[in-house]
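The values are calculated or read from the model by the stated rules, or taken from the named source; none is laboratory data. Quick caveat: nothing in here was measured; it's all calculated off a predicted structure. Neighbour counts are summed over all protein chains in view; Cβ atoms, including those assigned to glycine, are modelled from backbone coordinates with ideal geometry. SASA here: full protein model, heavy atoms, side chains in, ligands and nucleic acids out. Shrake-Rupley method; radii C 1.70, N 1.55, O 1.52, S 1.80 Å.
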Amino acid sequence: MKTSLVAIVITFAGISSGQQATAQPQTQTAAPAAAPTQTQPAASQPQQKKEIKDPAEYNAYVGAMQQKDAVAKISGLEAFLAQYPNSVMKEDALELLMGAYQQAGNQAKVIDTANRLLAANPNNVRALALMAYSERAGQKWADAKQHAERGLQALTSMSKPDGVSDADFQNQKTQLAALMNSVAGFSALQLKDNATAEKDLRASVEANPNDVDNIYPLALACLTATPEDDVNGLFFIARAINLVKDPAGKAQITKFGHAKYVKYHGAEDGWTDLLALTATTTLPPAGFTIKQYVPPTPAEQAADLVKTKAPKDMSFAEWELVLSAGAPADADKVWSAIKGVSLQMEGTVIKASPTELQMAASQDDIDQKRADIVVTMGGTIPAKLMPAEGSTLDFEGTPVSYTPTPFVMTMEKGALLTKTAPPAKKPVRRRSSQ
């Protein structure tokens, strides 16, 4: 557990409890003080001053509270709680005891006292915050998230202790909220609740915009969500790169962030600008965006291919792309160039008979073991030359027709080629499709 974060809770407990202890004991006979309720007064109102009616109880409390030595304070407070288990100052004494145990370095007793506080008041914000952070350190994600969320809810109705200024009280609440948002968000991320993680971690980052321990998990929450929140995620991953100090960690985060940026944007242009922006800008500015790369459709790929490449120079996979996905005019241009022309190709045998070969001539169809060419042989294949299914061979054929979907080209006048024949077209992949 980070000492600085625990200190936020412990210091706040000491301030509030110490201020509430200023009430003098009442020597006259008075009705017993009502036991504290679990319902907190409105945040805008100071907490009503608590008064101990019994002088002996008052002296026991003040004597324990004023001890400077942690061990002496623990002893005094434990004795007070044992002797006056229903004291109006029970919750305050437990908060002081929690701080004393922290001062003494007894973390187990800090947690034990936090549980005692929650038994006395389930809405005690400081106890909830300590439990949440301790459970995060122990990777008890569900418990940490639950305690942090309860603490955030209780914080909204937390009353201002008597004698604490509005500014100090608000500052303490802000720090507690940032701590619990951090715990709730990080725990939600481990539980794959990305929506909650993004919401809570964003609140924590807004409270402390230079804490890379919250900024990097926020980036991960955005970039691993379904659907991904890429624009915010890329902003915060770039921000994390600027803030992380460890060279190895910086290199790893940079590699991850750059890959995510290129995947989303389609190129690395603008990446260095994003790094420069996030070096000094803590949150995405109004209107901030990153242009998303949208891959061309198969029809657009086919149109571009026909504009830049002659049909005779295309691979079989490129013919297949144009003939199956291209506009009619583009398909007609390619088909008119290859129909009736004897072609020499290389392919994988899907099925073979003496008079017909079913071949896969594009790498995609080879991988899928799907025939994209049916060749009627010009003569019977001798038994000793019959190709085995799955084997690779060079062959010749003349296109006579095709079916666009699923694509199959029909050839006639088929023949097996010898190794001395001219080089055949090699299988390549079709271009990416949506």
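Evaluated on segment 133-172, the Kirkwood hydrodynamic radius is 11.7 Å, with distances taken between all distinct Cα atoms.
Rg and Dmax, both from the Cα atoms of segment 319-363 and both in Å, are 13.0, 37.
What Kirkwood hydrodynamic radius do you get for segment 73-155 when you take the inverse of the mean 1/r over all pairs of distinct Cα atoms, in Å?
On the way: mean 1/r = 0.0775 Å⁻¹.
For segment 73-155, the Kirkwood estimate is 12.9 Å.
The alpha carbon radius of gyration of the chain, expressed as a multiple of 2.2 N^0.38 Å, is 1.68.
With both residues required to sit in the chain, DSSP beta bridges show an antiparallel share near 80%. Considering only the Cα atoms of segment 157-201, their convex hull presents on average a projected area of 3.4 nm². The gain in end-to-end length when the Ala56 to Asp143 segment is fully stretched comes to 27.3 nm, 0.36 nm per residue minus the alpha carbon separation. Placing +1 on each Lys and Arg Cβ and -1 on each Asp and Glu Cβ, with no other charges, gives the chain a dipole about its Cα centre of roughly 420 debye. Helix 212-223 and the long axis of the chain differ in direction by around 40°, with both axes built from C-alpha atoms.
Distances longer than 18 Å among the Cα atoms of segment 148-224: what percent of all pairs is that? Show your work: numbers first, answer last.
Numbers: 1214 of 2926 pairs.
Of all Cα-Cα pairs in segment 148-224, 41 percent lie more than 18 Å apart.
Among the trypsin sites (Lys or Arg not before Pro) in segment 317-425, those located in a DSSP loop and surrounded by at most 14 other Cβ atoms within 10 Å of their own Cβ are Lys339, Lys369, Lys419.
The value obtained for segment 205-346, namely the Cα convex hull volume divided by the number of residues, is 166 Å³ per residue. Both radii are taken from the alpha-carbon atoms of segment 285-434; with Rh as the Kirkwood radius, Rg/Rh is 1.09.
Contact order for the chain, expressed relative to its length and based on alpha carbon pairs under 8 Å spaced 6+ residues apart, stands at 9 percent. Give me the angle, in degrees from 0 to 90, between the Cα long axis of helix 230-243 and the longest principal axis of the Cα atoms of the chain, rounded to the nearest 10. It works out to around 60 degrees. Projecting the Cα positions of Val205, Pro285, Pro387 onto the charge dipole of the chain (unit charges on Cβ atoms of Lys, Arg, Asp and Glu, taken about the Cα centre) puts Pro387 furthest along the positive direction.
Farthest toward the positive end of the dipole of the chain, out of Val375, Met158, Thr418, is the Cα of Thr418, where the dipole comes from beta carbon charges about the Cα centre. Applying a threshold of 27 Å to the alpha-carbon distances of Lys351/Lys384; Lys309/Lys351; Lys245/Lys291 flags Lys309/Lys351; Lys245/Lys291 as lying beyond it.
Gain on full extension, evaluated as 0.36 nm per residue between Lys199 and Thr308 minus their Cα-Cα distance, stands at 34.4 nm. In this view, the solvent-accessible surface of Arg116, computed with a 1.4 Å probe and all protein chains in place, comes to about 80 Å². Based on C-alpha pairs under 8 angstrom that are at least 6 apart in sequence, segment 107-168 has a relative contact order of 28 percent. When both bridge partners sit in segment 333-430, DSSP labels roughly 80% of those beta bridges antiparallel.
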